[in-house]
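First up is the structure itself, then whatever we jot down about it.
The values are calculated or read from the model by the stated rules, or taken from the named source; none is laboratory data. These numbers come from a predicted model, not from an experiment. Note that each Cβ is placed from the backbone with ideal geometry, even for glycine, and that neighbours are counted across all protein chains shown. Surface areas here come from the heavy atoms of the whole protein model, side chains and all, with no ligands, DNA or RNA. Shrake-Rupley method; radii C 1.70, N 1.55, O 1.52, S 1.80 Å.
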Amino acid sequence: MIDWGYKAQRLGHRTLACSATPQAKRPPATTGGRPPLREQVIHFVTRKMPGGLPKRTARALLDIEDRNYVPVIRDPARTTSDSEAVFYFPGCGSERLFSQVGLATQAMLWHAGLQTVLPPGYLCCGYPQRGSGQFDQARKIITDNRVLFHRVANTLNYLTSARWW
């Protein structure tokens, strides 16, 4: 699969490299407001894309892609049924695009001794639809998520009160 965003960024990098060299050697002061837009664009285009990113999503790496169950991530040696639990909705940004962010967040919660509850399967927050003007579609996604999250919360409250986990 061709990553056109990366190719466009690389083309821009090559095109603006000659005008970026003086700016990169003498970057504008960071006090007193933002640099001019031209310098911001040059800085953005000349930055290298991050490398070494995982090729698989966070859920694939953790083997929890099945949308038929609610994943609960916890350290059995440090957590009990009375341990604090958090609901973490990573969204596509930290679940698909930059899965290392989602994994780092889950690792931090793990090391803090918390139980982390994830939504079942991949979910969209509706932001891409809202950002592109598809407000009805975004509202539907948001409403569907709220219903799902409410159901998950009720189920987990029931399980917690019954001491099943």
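Looking at region 45-89, the pairs of alpha carbons with a distance over 11 Å make up 79% of the total. The Rg/Rh ratio for region 58-117 is 0.96, where Rg is the radius of gyration of the alpha carbons and Rh is the Kirkwood radius. Ligands, DNA and RNA left out, the accessible area of region 27-116 computed with a 1.4 Å probe is 58% carbon and sulfur. Protein-only accessible surface at a 1.4 angstrom probe places the residues F89, F44 in the order F44, F89, largest first.
In region 56-165, a dipole from Cβ-located charges (positive for Lys and Arg, negative for Asp and Glu) runs towards its positive end, and of I64, A85, G133 it is G133 whose Cα lies farthest in that direction. With a simple spin-label model that places each label point 7 Å from the Cα along the Cα-to-Cβ direction, the separation between H43 and W110 comes to 3.5 nm. Quick one: Debye curve from the C-alpha atoms of region 60-165, no solvent, what's log10 I(q)/I(0) at q = 0.22, 0.24 Å⁻¹? Rounded to two decimals, the profile gives -1.27, -1.38.
Between R14 and Q137, the FRET efficiency from the beta-carbon distance, with R0 = 25 Å, is close to 0.10.
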